[in-house]
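Everything below concerns the one structure shown next.
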Amino acid sequence: MVKQLEKAGIPAVHICTIVPISMTVGANRIVPAVAIPHPLGRPGESVEEEVELRLQLLRTALDGLQQEVEGPTVIERETRTPERKVLNAAK
Amino acid sequence: MPGKKRLVHYLNQFFGQIGGEEEADIPPRAKTGPVGPGVALQAALGDSVDIVGTVICGDNYINERPGTAVPEVMKQIRALSPDIVVVGPAFNAGRYGLACGMVAKAVSEELNLPVVGGMFPENPGIELYRQYLYAVETGGSAAGMRKAVGAMAEIIRRLVNGEEIGTPEEEGYIPRGLRKNVWHQQRGAERAVGMLLKKIRQEPLATEYPMPRYDRVTPAPPIQDMSQAKIALITTGGIVPSENPDRIESSSASHYGRYNLYGMDRLPAEEFQTVHGGYDPTYANQDPNRVLPLDAMRILERDGVFQRLYHYYFATVGNGTSVAKAARFATDIAVELKEAKVDGVILTST
């Protein structure tokens, strides 16, 4: 589905657990999720911790939407550039 | 009994008769003899092949940490000293198909043994691992178990007897993408001219080599200024309002839904649920934001990281849904998003 969105000119990030499927099928911007039954959550943690985890994953995803990519790329959490961190902190 | 070939069978938690989704996290373990579909397979194989053991592993366990899980599975397989390994059949189960494929690759590369399995052609296990096993072509569900077992037994028998396995078309297995040199009566030049003449006369002809379709999409240009951007959420995790008003199917979804997020800060568990039939719904039903992360998106929106969240989100179920249908959903959604001037999408999958 993300491929069709990109074909239409809308950048899209795929947050998914089984990254190899997404890479092979050809999603261009991929963020690895936590686990299949809870991609953006971790049962057992407090609600606050889960929301914090969610925020991190989504920030990575939003980063991915701002990155120039050449083909299927896994956007990792550490790829946030310092300048971008400053930009977001200033808001 | 000397001379009997040893077969080891790999199964997931469900076919290994341990349990359903709730047992998808179990680490690998070995059982003596055949289990589940292995019993039917043993009957079909008769006396020359012995299913000496079955290795069972949870689909989530192996898919979430393949780097450690596959070696664990291989240790159990090695301990049984197989002459041949069978995986599945996995039909159209994606995680199971991938697991079977990973095991097939490891067995093939590390033990240099033949591997036989069965899958539906669209199973991602085929896309990634087709060259490591003879996967008989099956239907989409375990209703085809008997036929699959029969076809697998046939190929297993030939392999243990050292017989040549014919082409995919002849034997009913999914093309492995491997090239084999064969002698042909006519020279290549003659065959090519023959094909061209057929084409000119508009007669039916069969290609000797289908051109591979590398369906890559050029990445859309990145968003320049995220603080001004409108972002939309989509999920294939099946998060829908509790009554599932659009009756989205829990498998092989025929359509998608669009749901209003106006005025909502998070998805309340009492009002939303997952209808996806392919994963344990417990955690998503406890907190739908674990799959459709509305709460965190609202925080980021409030913080000005991006300008606005599109007021509708789109949901479908990714379980066994055909590639063609899913592509169509997205093409339709893209039309709406473009009209609404959405700048980027986050799509979550389970």
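The values are calculated or read from the model by the stated rules, or taken from the named source; none is laboratory data. Values in this document were obtained by computation on a predicted structure and should not be read as measured data. Here Cβ is always computed from backbone atoms with ideal geometry, including for glycine, and neighbour counts include all displayed protein chains.
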Of (1) at pLDDT below 95; (2) part of a helix (DSSP H, G or I), B:Met1 fails just (2)
Regarding the range B:331-338, can at least one residue be identified that is crowded, with 23+ Cβ neighbours inside 10 Å and either outside any helix (DSSP H, G or I) or outside the structural domain of B:Asn244 (by TED's automatic domain parsing) (or both)? no
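Do you know which of the residues in the range B:224-251 that are within 23 Å of A:Val25 (Cβ to Cβ) and part of a loop (DSSP other than H, G, I, E, B) is nearest to the other protein chains (Cβ to nearest Cβ)?
It comes out as B:Thr236.
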Every listed condition ((1) closer than 30 Å to B:Tyr96 by Cβ; (2) in a helix (DSSP H, G or I); (3) not small (Gly, Ala, Ser)) holds for B:Leu292 save (2)
In this structure, does B:Pro71 turn out to be farther than 25 Å from B:Ala40 by Cβ and surrounded by fewer than 24 Cβ atoms within 10 Å (Cβ to Cβ)? yes
Conditions (1) under 21 Å from A:His38 (Cβ atoms); (2) assigned to a loop (DSSP other than H, G, I, E, B); (3) more than 27 Å from the chain's Cα centre (by Cα); (4) touching a residue at least 40 places away in the same chain (Cβ under 8 Å) -> B:Gly304 fails only (1)
Among the residues of the range B:218-239, the number that are in contact with a helix residue (DSSP H, G or I) (Cβ under 9 Å, 6 or more places away or on another chain) and surrounded by 19 or more Cβ atoms within 10 Å (Cβ to Cβ) is 13
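Conditions tested, residue by residue: (1) assigned by TED's automatic domain parsing to the domain that holds B:Ile156; (2) closer than 15 Å to B:Ile56 by Cα; (3) small (Gly, Ala, Ser); (4) not in a helix (DSSP H, G or I).
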{"residue": "B:Val86", "(1), (2), (3), (4)": "yes, yes, no, yes"}
{"residue": "B:Cys100", "(1), (2), (3), (4)": "yes, yes, no, no"}
{"residue": "B:Gly118", "(1), (2), (3), (4)": "yes, no, yes, yes"}
{"residue": "B:Ile126", "(1), (2), (3), (4)": "yes, no, no, no"}
When B:Val291 is run through (1) within 7 Å of chain A (Cβ to nearest Cβ); (2) touching a His at 6+ places or on another chain (Cβ under 6 Å), the failure sits at (2)
Per the filter on the range B:307-335, residues more than 10 Å from chain A (Cβ to nearest Cβ), farther than 20 Å from A:Pro32 by Cα and among the small types (Gly, Ala, Ser) are B:Gly320, B:Ser322, B:Ala324
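Consider B:Gly139 carefully, then state whether it is of a type outside the set (A, V, I, L, M), outside any strand (DSSP E or B), within 14 Å of chain A (Cβ to nearest Cβ) and out of contact with any Ser or Thr (no Cβ under 6 Å at 6 or more places or on another chain).
Judged against the criteria, B:Gly139 is not a match.
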Taking the range A:1-57 and keeping only residues that are part of a loop (DSSP other than H, G, I, E, B), within 8 Å of chain B (Cβ to nearest Cβ) and in contact with a Ser or Thr (Cβ under 9 Å, 6 or more places away or on another chain), one is left with A:Met1, A:Ala8, A:Thr17, A:Ile18, A:Asn28, A:Ala33, A:Ala35, A:Ile36, A:Pro37, A:His38, A:Pro39, A:Leu40
